Amino acid sequence: MRTHPFLIILAVAFFPVGLRAQTVAPVAPFSGVQAGFAERDITPGIGMEQPGGYGKSFHKTFHDSCKVRVSVFDDGKKRVAIVGLDALVVPRSVVVEARSLIQKACGIPGDCVLVCASHSHSSGPVGMVLPGEFDKAPDLVRRLAYEESSCADAGYLQRVTHEIVAGVVAADRAKVPVSLGFGFGHEDKVAYNRRLRMTNGQSWSHPGAGNPDVLEYAGPIDPQVGVVGAWDAQGQLVGVLVNYACHATTNPGGISANWIYHLERTIQGGLGTRAPVVFMQGACGDVTQVDNLSPYQRPKAEEWSQLVGGRVGAEAIRVLLSAPRTLTAPVDSRQEVLKIKRRAPSAQRVAKSFEIVSQGRPGGDTTDWLFAKEIVLLDFLNKTTPLVEAEVQCIKVGPCCFVSNPAEYFVQYGLDIKKGSRHPFTFPCELSNGIVGYVPTEEAFGPNGGGYETRLTAYSNLEISAGRQLANKGTELANQMVSEVAPKPAKGPPYAGKPWSYGNVKPELE
């Protein structure tokens, strides 16, 4: 039976000093699990590319810092690191190098490190085209890739890699014995499926507020706010993890962590703490803050960012204040890398696309030109790398299991993973350990499908069954690990034999 730490402290404090060494038993450790948290800065500079589109855009102002947010958990037998990035995506090459350096620096194995991007569209240049990716392409293709597309910055990628490593090392050194709390909040007023059923039988992305041809949402959302909290022996909060599914596209103005900035501010301000907040993006490939069925005016960017981050943060606080805590949390991990085929454009479409891009970027509407450019780039990628690495990783911390994928993953797959998992708390984490673009459901490619996410591009092109492959593998790996029982509140004392004397009376009328 575990002796309460407070009783041990009392015994040591009041026992005669000269006899302590001979008669007092060794003090048991406060907890069977340790956790450490850390942050590192990855704020891009003014003038760097702003990622998130099929063309170039550049940062002109600053709003708030972008961070590497790190948590490390150690059950005495195994350590795992869970990393959240304020970034649009995380290239696989960055993850592979960071894992290697982390293992050398502090001994945490690479397959025990999960790196998840928040998908902030107001962050640093980590995509879409990678350095050197099109060096061997024909002149026209190479120019389209490097001069007409959103490109990662080689120096910035090195910096992100370095700060991931430094953050994990710092979090590992900061480990202390902790109690852990786990729970779900519920937030369904800031996230909406952006694909809508239309009267023509198709599903369109963002068809426009008030569009009379809209019938209904084409898919669900995931309103769960997954939360893990860690407290030290003095009861001080040392770190928080939050999992929620919503695009980080509120763009409050300038360089920013996006609505995750206000998530952090809400939690820290509401609880009076500076404890790091590690955000892990849920399956939100078709979920954003935009409600296409709302008849009301949309908030301005800053207000919108506060609304999303504030409401999700408030739910996280509710969970932290009420979650039962545990002193034990076995950790474990599983990992597998799938090789998934790309979809290939027809020869006729490739020829037509070359014809369009050869005429130069037009004035006015550039949609046809941009997606012709994407087909040209994809044609080159299909010739050089027809198979794409897609890592699925599961990391367990007590009753909680983080299930990763490298996609902008449709929310239905995240819901499927939660349903199939045996763990009490299952947190799907998209855009993790690499990037393979949008991965819609098979239904989205069917007769009633369609929309922006199903477009064929150099960024998004996996075979139609890719999403199901990732979901099945994630569920399989999660269920290979032992599921732990969720913590429950301590039971109260038995009935004392008499009611409260102030309250056991009849109504008094006079």
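Among the residues of the stretch 256-308, those that are under 22 Å from His59 (Cα atoms) and part of a helix (DSSP H, G or I) comprise Trp259, Ile260, Tyr261, His262, Ala301, Glu302, Glu303, Trp304, Ser305, Gln306.
What residue, of Asp111, Asp64, Asp86, is over 14 Å from Asp172 (Cβ atoms), acidic (Asp, Glu) and surrounded by fewer than 20 Cβ atoms within 10 Å (Cβ to Cβ)?
Numbers: Asp64 fails: surrounded by fewer than 20 Cβ atoms within 10 Å (Cβ to Cβ); Asp86 fails: surrounded by fewer than 20 Cβ atoms within 10 Å (Cβ to Cβ).
After ruling out the rest, the residue left standing is Asp111.
Those helices (runs of 4 or more DSSP H) of the stretch 84-176 in which 3 or more residues are in contact with a Leu (Cβ under 8 Å, 6 or more places away or on another chain) and hydrophobic (A, V, I, L, M, F, W, C) occupy 139-147, 154-173. Looking for something of a type in the set (Gly, Ala, Ser), crowded, with 22+ Cβ neighbours inside 10 Å and either touching a helix residue (DSSP H, G or I) at 6+ places or on another chain (Cβ under 6 Å) or in a helix (DSSP H, G or I) (or both) - is there at least one such residue anywhere in the stretch 432-439? Yes: the stretch 432-439 contains one or more residues that are of a type in the set (Gly, Ala, Ser), crowded, with 22+ Cβ neighbours inside 10 Å and either touching a helix residue (DSSP H, G or I) at 6+ places or on another chain (Cβ under 6 Å) or in a helix (DSSP H, G or I) (or both). For the stretch 442-487, taking the residues that are part of a loop (DSSP other than H, G, I, E, B) and among the hydrophobic types (A, V, I, L, M, F, W, C), the one that is surrounded by the most Cβ atoms within 10 Å (Cβ to Cβ) is identified as Ala458. Any residue that is touching a residue at least 60 places away in the same chain (Cβ under 8 Å) and under 28 Å from Pro220 (Cβ atoms) - is there at least one of those in the stretch 342-356? So far as the stretch 342-356 goes, yes, one or more of its residues are touching a residue at least 60 places away in the same chain (Cβ under 8 Å) and under 28 Å from Pro220 (Cβ atoms). Do the conditions hold for Glu336, that is, is it at pLDDT 95 or above and not in a strand (DSSP E or B)? So Glu336 does not fit the description; no.
Conditions (1) farther than 21 Å from Ile417 by Cα; (2) at pLDDT below 95; (3) of a type outside the set (Gly, Ala, Ser); (4) touching a helix residue (DSSP H, G or I) at 6+ places or on another chain (Cβ under 7 Å), marked per residue:
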site	(1), (2), (3), (4)
Val214	yes, no, yes, no
Asp222	no, no, yes, yes
Val225	no, no, yes, yes
Val238	yes, no, yes, no
Ile255	yes, no, yes, no
His262	yes, no, yes, yes
Thr273	yes, no, yes, no
Gly282	no, no, no, yes
Thr288	no, no, yes, no
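Of all the listed residues (Leu370, Leu378, Leu415), the sole one being touching a residue at least 60 places away in the same chain (Cβ under 8 Å), closer than 30 Å to Glu484 by Cβ and part of a helix (DSSP H, G or I) is Leu415. Within the stretch 200-226, the set of residues being part of a loop (DSSP other than H, G, I, E, B), on the phi < 0 side of the Ramachandran plot and not charged (D, E, K, R) comprises Asn200, Gln202, Pro207, Ala209, Asn211, Pro212, Ala218, Gly219, Pro220, Ile221, Pro223. Please go through the stretch 28-52 and pick out each residue that is of a type in the set (Lys, Arg) and at pLDDT below 95. Matches in the stretch 28-52: none. Among the residues here, Pro212 does not qualify as under 24 Å from the mean Cα position of the chain (by Cα) and free of Cβ contacts under 8 Å to residues at least 40 places away in the same chain.
The number of residues in the stretch 152-172 that are within 23 Å of Phe58 (Cβ to Cβ), aliphatic (A, V, I, L, M) and in contact (Cβ under 8 Å) with a residue 40 or more places away in the chain comes to 3. Figure legend. Inter-residue proximity from the stretch 425-454: first residues within 14 Å of Arg197 (Cα to Cα), second residues crowded, with 23+ Cβ neighbours inside 10 Å, beta-carbon distance below 6 Å, spacing 6+ or different chains. Indicated pairs: Gly449/Ser203; Gly450/Ser203; Gly451/Arg195; Gly451/Ser203.
Answer yes or no: is there a residue in the stretch 342-350 that is in a strand (DSSP E or B) and not polar (S, T, N, Q). So far as the stretch 342-350 goes, yes, one or more of its residues are in a strand (DSSP E or B) and not polar (S, T, N, Q).
Condition check: more than 22 Å from Val126 (Cα to Cα), buried (at least 24 other Cβ atoms within 10 Å of the Cβ) and modelled with pLDDT of 95 or more. Does Phe427 satisfy that? For Phe427, the condition - more than 22 Å from Val126 (Cα to Cα), buried (at least 24 other Cβ atoms within 10 Å of the Cβ) and modelled with pLDDT of 95 or more - is met.
Suppose the filter is crowded, with 23+ Cβ neighbours inside 10 Å, small (Gly, Ala, Ser) and closer than 26 Å to Ile82 by Cβ; does Gly235 pass it? No, not satisfied. Does Lys56 fit the bill of being surrounded by fewer than 19 Cβ atoms within 10 Å (Cβ to Cβ), within 19 Å of Asp153 (Cβ to Cβ) and more than 16 Å from the chain's Cα centre (by Cα)? So Lys56 fits the description; yes.
The values are calculated or read from the model by the stated rules, or taken from the named source; none is laboratory data. Keep in mind the model is a prediction, meaning the values are calculated, not measured. Ideal geometry is used to build each Cβ from the backbone, glycine not excepted, and the neighbour counts take in all protein chains shown.
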